[in-house]
Amino acid sequence: EGETVAKGGRVSPRPWGYAVVALKPMEKGYAAMTCAGLTSLVIAESELFAQGKLDSGMRAEFARAQREGLAYLQANMSVRCSGPASGYWTTFHHYYLYSLERVGVLYGIKRIGGHDWYLEGAQTLLETQLADGHWVGDDLHPVTDTAFALLFLKKATMRVLTK
């Protein structure tokens with residue numbers, strides 16, 4: 001309960017990423033986009049459910065894709081980076097943390113790969129907060145970095161219904 005270990009058999013980890021030729025390393029996928037993909041799936045599933053359009057075949061496809069994405073996060077869990085395949089370990093770090101928060105809250109997951117994602121993320125943010133209260137990552141976007149850090153800490157994502 002609350003872990004990312006999927007019921008219904010083992011699955012191969014499969015991340016999401018960009019398929020832009022100029023960004024070839026990112027084609028392999030990485031954690032931030034995997035979180036975005038997982039979030040999109042659960043929201044789409046919730047909307048189809050609310051409209052009475054979620055049949056058993058679609059539910060099975062959603063479940064398979066979700067298990068594969070969660071397996072990727074479980075195998076590559078870190079709150080300090082959004083790697084590994086992309087090589088972009090710290091770029092958009094605060095966006096990644098907020099994306100991780102959305103997955104944790106929307107899926108009701110407390111631990112990913114044996115890690116308490118919220119506790120570890122909050123500790124990382126406390127360690128990296130600047131003296132005047134803001135955050136800034138390697139990508140140098142202090143306004144959005146601070147906003148994403150606060151959204152993570154607040155657990156600002158609302159749960160959705162899929163059943």
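In the stretch 87-163, what percent of the accessible surface is made up of carbon and sulfur (1.4 Å probe, ligands and nucleic acids excluded)?
Numbers: 2700 of 4290 Å².
That share works out to 63 percent.
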Loop trypsin sites (Lys or Arg not before Pro), the stretch 27-68, which have at most 10 other Cβ atoms in a 10 Å radius of their Cβ (DSSP):
K53
Segment L140-A156, length gained on full extension (0.36 nm per residue, minus Cα span)
3.4 nm
Spin-label point model (7 Å from Cα, Cβ direction): what's the R64 to Q123 distance in nm?
3.8 nm
On the first, second and third principal axes, largest extent first, how far apart are the outermost C-alpha atoms of the stretch 104-163 in Å?
43, 23, 18
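The values are calculated or read from the model by the stated rules, or taken from the named source; none is laboratory data. These numbers come from a predicted model, not from an experiment. Cβ coordinates were reconstructed from backbone atoms using ideal geometry, including for glycine residues, and neighbour counts include every protein chain displayed. Remember, those area values only see protein heavy atoms, side chains included, never the ligands or the DNA or RNA. Shrake-Rupley method; radii C 1.70, N 1.55, O 1.52, S 1.80 Å.
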